[in-house]
1. I'm trying to understand the selection: among the residues of the stretch 71-83, which are crowded, with 17+ Cβ neighbours inside 10 Å and either modelled with pLDDT under 95 or within 11 Å of LEU26 (Cβ to Cβ) (or both)?
2. Only one of ASP112, ASP81 is outside any helix (DSSP H, G or I), without any contact (Cβ under 8 Å) to a residue 24 or more places away in the chain and farther than 19 Å from ARG137 by Cα. Can you tell me which?
3. Does ALA75 count as among the small types (Gly, Ala, Ser) and in a helix (DSSP H, G or I)?
4. I'm trying to understand the selection: among the residues of the stretch 44-70, which are of a type outside the set (D, E, K, R) and within 13 Å of ALA30 (Cα to Cα)?
5. If ASP22 satisfies all but one of (1) at pLDDT below 90; (2) assigned to a helix (DSSP H, G or I), what's the number of the condition it fails?
6. Just to be sure, is ALA30 aliphatic (A, V, I, L, M) and buried (at least 22 other Cβ atoms within 10 Å of the Cβ)?
7. Quick check on my filter: what residues within the stretch 85-110 are within 13 Å of the chain's Cα centre (by Cα) and either among the β-branched types (Val, Ile, Thr) or over 14 Å from VAL132 (Cα atoms) (or both)?
8. Contact list please: Cβ distance under 9 Å, first residue in the stretch 123-137 and of a type in the set (Lys, Arg), second residue surrounded by fewer than 18 Cβ atoms within 10 Å (Cβ to Cβ) and part of a helix (DSSP H, G or I), pairs at least six apart or on different chains.
Amino acid sequence: MLELLRNFLHRVDTPHARFGDDDARLALAALLVHCSGIDGAVSAEERATLRDLLTRAFGLAAPDLDGLIADAIAAEREAVDLYRFTSVLKRQMSESERIGVVDSLWDIVYADGVSHEFEENLVWRVAELLGVSGRDRIASKQAATKRKPRPQ
């Protein structure tokens with residue numbers, strides 16, 4: 001009962017989402033959040049890479065960046081599939097921008113230096129939903145491994 005009250009008070013005190021469901025910034029951030037945690041653990045390197053990628057992509061200051069990440073975490077938890085996010089990105093982004101999304105996903109995958117099969121599968125599924133070719137997906141992966149090589 002006490003936990004229910006805490007949850008209610010948290011919802012009342014939590015400001016409403018700043019980024020709408022049709023906002024490409026939220027869609028990208030939610031995919032990156034999902035990728036960072038799909039292997040069961042979110043490393044400090046993955047969190048730092050997430051913040052860096054979103055800062056470079058959108059130029060948000062710390063309070064807005066924190067809001068975006070919080071909204072992305074909430075949206076990712078509520079989502080039942082990837083289509084919710086990929087459909088927004090596919091409608092609003094050019095082909096080269098969608099390839100950039102795949103680049104960012106690979107950067108999250110390799111942020112901790114290790115590629116997990118769940119992460120690899122996620123990138124493959126997102127690339128398919130975004131209409132990014134297998135050739136571009138593999139080229140993006142190879143470029144990411146050069147930027148952040150795997151541990152020996």
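1. Within the stretch 71-83, ASP71, ALA72, ALA75, GLU76 meet the criteria.
2. Step by step, each of ASP112, ASP81 is checked, and only ASP81 is outside any helix (DSSP H, G or I), without any contact (Cβ under 8 Å) to a residue 24 or more places away in the chain and farther than 19 Å from ARG137 by Cα.
3. yes
4. LEU50, LEU53, LEU54, LEU65, GLY67, LEU68, ILE69, ALA70, listed by residue number.
5. (2)
6. The answer is yes for ALA30.
7. Hits for the stretch 85-110 are PHE85, THR86, VAL101, VAL102, ASP107, ILE108, VAL109.
8. ARG137/TRP124; ARG137/GLU128
The values are calculated or read from the model by the stated rules, or taken from the named source; none is laboratory data. Not measured: the values here are computed from a predicted model. All Cβ positions, glycine included, derive from the backbone under ideal geometry; neighbour counts span all protein chains shown.
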